[in-house]
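To start, the structure itself, in structure tokens.
What follows draws every value from the coordinates through simple rules; no lab data is involved. The structure displayed is predicted, hence computed values, not measured ones. Cβ sites come from the backbone with ideal geometry, for glycine too, and all protein chains shown count toward neighbours.
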């Protein structure tokens, strides 16, 4: 039975990262024509609506009870920052390279958790983090032609790491369903305040289809992710996060006929290797934090 649940967890994790790669690909397609506030508003509105429709009938007011309302709001803000960085990053970076840089999140999160909780981080794990950062520099290749927006993936890494650390705290305090619901609601309310100035009526039917696809891909990805972690341990599932890079590159090829050059492939390989190596080292040393997620 344990083996069957572990296999279910792996399948769900693969489905989750495929959804996240689809979200990033659709975001890149829509980004040139759709205001970021509109795109994010619809995404979180759908997340809050679907979560409420599924959980409210079963849990009632219990879904709305939170012991840490301030932290719930902070978590939603970090998710918005991560999503905003991702949206603008994808306008200047190919989907696969962006995903590879954001895949540094589990390593950064491990070190942040260690610093906050006072845990010892081995020299091996520091080495994997440094190696992954070098891989990110190879992908971005800073130089004379560097655009400031190309540094945004690193902002996505930091905000996503903060989001995941808060998730590990809040899911213990309030549960997964309540935390997921509050993130959607708080983000929707915050974005609604800015929506009137960002709204445009110039969108075509194709743009609305892209927005709907983004909302559904993001919501489904996070749902699959939660279900995966409910069935299998973090140490087993974390290496499968890096399949998102492959799915993202596939999306870039299908949508834009883009193939990464040799340097990008090298950087992506270095990041993936450092991520898997860091996970193995963390598992052996029992230092792995909460629930690392490479998703935006």
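Test of understanding: ordering 182, 240 by Cβ neighbours within 10 Å, fewest first, what list do you get?
Result, fewest neighbours first: 240, 182.
Arrange the following residues from fewest to most other Cβ atoms within 10 Å of their Cβ: 253, 41.
With the fewest neighbours first, 253, 41 line up as 253, 41.
Sorted from largest down, what three extents in whole angstroms do the Cα atoms of region 164-231 have along their principal axes?
Projected onto the principal axes, the Cα atoms of region 164-231 cover 43, 25, 16 Å.
Just want the ordering: 88, 181, 98, 247, from fewest to most Cβ atoms lying within 10 Å of their own Cβ.
Fewest-to-most Cβ neighbours within 10 Å comes out as 88, 247, 181, 98.
When the scattering of region 2-285 is computed by the Debye formula from its Cα atoms alone, each counted once and equally, what is log10 I(q)/I(0) at q = 0.08, 0.14 Å⁻¹?
Debye curve over Cα of region 2-285, log10 I(q)/I(0) at q = 0.08, 0.14 Å⁻¹: -0.33, -1.07.
I'd like the distance between the alpha-carbon centres of region 1-72 and region 206-265, rounded to an integer number of Å.
Distance between centres, Cα-based: 13 Å.
Cα-Cα pairs above 15 Å in region 1-92: how many percent?
73
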